[in-house]
Amino acid sequence: MRAPTGLPLPQPDAASEPFWNACGEKRLLVQHCTTCGAFQSYPRMHCRKCRGTAFDWQESKGRGRIFTYTVCHHPGSPALKDQVPYVVVVVKLDDCGGTLLISNLVGEAAASVAVDRPVRLVWDDSAGAWLPRFELVADHEHFKG
């Protein structure tokens, strides 16, 4: 899935700005509470576990497994009308505390989507901003660096 023209771009706020700035450098960061150690995605001003407000950011290698998914046959935005069907995935990252990250599954093999399939991060800049996407990989490739 290439992001179509007219797709609304992310609008960073105080909590998500470090995430989006890192995406611009093709780095995937996950918010980490320095009070309780919890990781969370999407970025927030308060920790989802302890309500703490002290965070740092941990860089993910961008490997994980599909936790769940849906195949969208109706566009979530008018800009996506020519993209259907497309696959929205929740990826459980191998690092960063197993954080769950919502994204799209892209690539030729996306039709083979299934829960627990291994994926890796790929970067898509077709919308005018670097967006994290995922593609399926073979199990033996998943464990390579």
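Values for this structure:
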quantity: Pairs of lysine residues in region 1-144 - Cα separation under 29 Å, sequence separation of 8 or more or cross-chain; calculated: 11
quantity: Choice from Ala14, Ala114, Ala127 showing the highest fluctuation, given a GNM over the chain with Cα pairs closer than 10 Å; calculated: Ala14
quantity: Accessible-area value, Lys26, 1.4 Å probe, nucleic acids and ligands omitted, Å²; calculated: 100 Å²
quantity: Under Karplus coefficients 6.51, -1.76 and 1.60, residue-wise ³J(HN,Hα) of region 24-29 in Hz, glycine/proline x; calculated: x, 9, 6, 10, 9, 9
quantity: Theoretical ellipticity at 222 nm over the chain - DSSP helices of four or more residues, -39500 (n - 2.57) apiece, nearest 500; calculated: -1500 deg cm²/dmol
quantity: Region 9-145 - percent of accessible surface contributed by carbon and sulfur, probe 1.4 Å; calculated: 51 percent
quantity: Solvent accessible area, Å² - Ser112, 1.4 Å probe, full protein context; calculated: 60 Å²
quantity: Percent RCO, i.e. relative contact order, over region 28-123, from Cα pairs under 8 Å lying at least 6 residues apart; calculated: 28 percent
quantity: Diffusion constant of region 23-145 at 37 °C, which comes from Stokes-Einstein with the Kirkwood Cα-pair radius and 0.692 mPa s, µm²/s; calculated: 213 µm²/s
quantity: Accessible area in square angstrom per residue, region 54-99, 1.4 angstrom probe; calculated: 55 Å²
quantity: Within region 14-42: backbone nitrogen closer than 15 Å to the Val90 label point (7 Å, Cα to C-beta); calculated: 40-42
quantity: Calculated on alpha-carbon atoms, Rg and Dmax of region 83-134 in Å; calculated: 11.4, 32
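The values are calculated or read from the model by the stated rules, or taken from the named source; none is laboratory data. None of the values given here were measured: they were computed from a predicted structure. Positions of Cβ are backbone-derived with ideal geometry, glycine not excepted, and every protein chain shown enters the neighbour counts. Note: areas computed on protein heavy atoms with side chains; ligands, DNA, RNA excluded. Shrake-Rupley method; radii C 1.70, N 1.55, O 1.52, S 1.80 Å.
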